[in-house]
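Here's the structure, in structure tokens; my notes come after.
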Amino acid sequence: GSGLNGKWVSHGKKFWGTCADSNTLNIASNANIIKSDFGQVTPENSMKWDATEGSRGNFNFGGADALVNWATSNGKLIRGHTLVWHSQLPSWVSSINDRNTLTSVIQNHISTVAGRYKGKLYGIEILNEDGSLRSSVFYNVLGESFVTIAFTAAKAADSTARLYINDYNLDSNNAKTQGMVRLIGRINANQKYIEGVGTQMHLGAGGAGGAQAALTALASTGLEVAITELDIAGASSNDYLTVMRACLGISQCVAITSWGVSDANSWRSSSSPLLWDSSYRPKAAYNSLISAL
Ligand code: G3I
């Protein structure tokens, strides 16, 4: 193909994706760009805990089903996002303080969400931003064991999706990146629970210089690696080229997902971080990626 994803996969990569949900898929110019230039979609918000299980045991899949059905009808791969995250977490979960209750709540949440889309997802970001073992309800109540609890439940629910851990500030070979590498080493010491590692890469202008070192460090785990939420505030073409080349040069870096299509719909809208401007016109950075690929 001639679009971004088509050029990218011709280099042996799996996909260049973007996030989406009904609010952006309902914008025709946005949906048309996803059809022509992206090979994968990540639900931006609809598969998160607050959207899917707002109260215990009451599941709502309206938004997530819409995204999955759109992707399936349009031949796009899907990354599930995100099953265990301290943010966008309903207060009924964050107020649980005993181990048995929290364990069964995590297991039921993961088995219900992952089970619903069994066989339909390329991968699932099981843990988001808890890889550094921040002070979340999950770590505070269960210690590091919540990681294996979550990945075990996901594998039982969907044996084919690649199970990812995902985090931010893994943008260079910094202390957080090294902590992630050590965490994966501990969890996977006797069994490969974690199958992929994602670096979000919400960057600023000039901030792409450490990307190759970050990807190399993450690849030292032996797992597949993906850039899962790429955007670059105030980006120049060179910033985007640097990230693209960093992934291109590392065989374990299998994919890039942009965190949106047009600046109009970005969570960082005012900093113009994406590849299409707010009128859905391709920016110079898009053209430079296409030429380089
Ligand atoms: O749906 C409600 C709507 O009913 C309400 O009227 C409106 C008023 O504010 O809010 C709407 O919810 C918003 C939701 O996006 C859907 O648009 C939330 O306020 C808003 O906080 C939420 O922001 C999302 C953010 O995650 C939440 O933390 C962004 O769209 C989404 O791009 C962003 O994505 C995260 C990744 O999941 C994880 N990594 C970081 C990344 C950026 O924060």
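The values are calculated or read from the model by the stated rules, or taken from the named source; none is laboratory data. Since the structure is predicted, the reported quantities are computational estimates derived from the model, not experimental observations. All Cβ positions, even for glycine, are placed from backbone atoms using ideal geometry, and neighbour counts span all protein chains on display.
Assorted remarks:
- Criterion (among the acidic types (Asp, Glu), at pLDDT 95 or above and within 15 Å of Arg116 (Cβ to Cβ)) met by exactly one of Asp65, Asp50: Asp65
- Taken together, the criteria exclude Gln107 from residues that are within 16 Å of the ligand (Cβ to nearest atom), farther than 22 Å from Glu224 by Cβ and either buried (at least 22 other Cβ atoms within 10 Å of the Cβ) or touching a residue at least 24 places away in the same chain (Cβ under 8 Å) (or both).
- Scan of region 90-100 for residues that are in a helix (DSSP H, G or I) and either touching a helix residue (DSSP H, G or I) at 6+ places or on another chain (Cβ under 9 Å) or touching a residue at least 12 places away in the same chain (Cβ under 8 Å) (or both), ordered by number: Trp92, Val93, Ser94, Arg99
- For the criterion of being more than 16 Å from the ligand (Cβ to nearest atom), surrounded by fewer than 22 Cβ atoms within 10 Å (Cβ to Cβ) and either within 16 Å of Ala20 (Cβ to Cβ) or more than 15 Å from the chain's Cα centre (by Cα) (or both), Asp37 fails.
- Residues that are part of a helix (DSSP H, G or I) and either in contact with a Lys or Arg (Cβ under 7 Å, 6 or more places away or on another chain) or free of Cβ contacts under 8 Å to residues at least 60 places away in the same chain (or both) are absent from region 78-89.
- Within region 1-29, if we keep just the residues that are within 16 Å of Asn287 (Cβ to Cβ) and not in a helix (DSSP H, G or I), the residue that is nearest to the ligand (Cβ to nearest atom) turns out to be Trp16.
- Members of region 229-260 that are among the polar types (S, T, N, Q) and out of contact with any Asp or Glu (no Cβ under 7 Å at 6 or more places or on another chain): Ser236, Ser237, Asn238, Thr242, Ser251
- Figure legend. Inter-residue proximity from region 45-64: first residues under 20 Å from Asn265 (Cβ atoms), second residues in a loop (DSSP other than H, G, I, E, B) and aliphatic (A, V, I, L, M), beta-carbon distance below 7 Å, spacing 6+ or different chains. Indicated pairs: Asp50/Leu89; Ala64/Met47.
- Among the residues of region 197-241, those that are within 12 Å of the chain's Cα centre (by Cα) and within 16 Å of the ligand (Cβ to nearest atom) comprise Val197, Gly198, Thr199, Gln200, Met201, His202, Ala226, Ile227, Thr228, Glu229, Leu230.
- Summed over region 41-64, residues that are under 18 Å from the mean Cα position of the chain (by Cα) and under 18 Å from Ile126 (Cα atoms) total 13.
- Evaluation of Asn32 against (1) buried (at least 21 other Cβ atoms within 10 Å of the Cβ); (2) closer than 15 Å to Leu275 by Cα; (3) away from the ligand (no atom under 16 Å from the Cβ) (one fails), failing number: (1)
- The lone criterion from (1) at pLDDT 95 or above; (2) in contact with a Leu (Cβ under 6 Å, 6 or more places away or on another chain); (3) more than 16 Å from the ligand (Cβ to nearest atom); (4) not charged (D, E, K, R) left unmet by Gly119 is number (2).
- Residues (within 20 Å of Thr18 (Cα to Cα) and either out of contact with any His (no Cβ under 6 Å at 6 or more places or on another chain) or of a type in the set (Phe, Trp, Tyr) (or both)) located in region 120-154: Lys120, Leu121, Tyr122, Gly123, Ile124, Ile126, Leu127, Asn128, Glu129
- Per-region count, region 40-61, residues aromatic (Phe, Trp, Tyr) and more than 16 Å from the ligand (Cβ to nearest atom): 1
- Residue count, region 68-94 (criterion: closer than 21 Å to Gly115 by Cβ, within 16 Å of the ligand (Cβ to nearest atom) and not small (Gly, Ala, Ser)): 11
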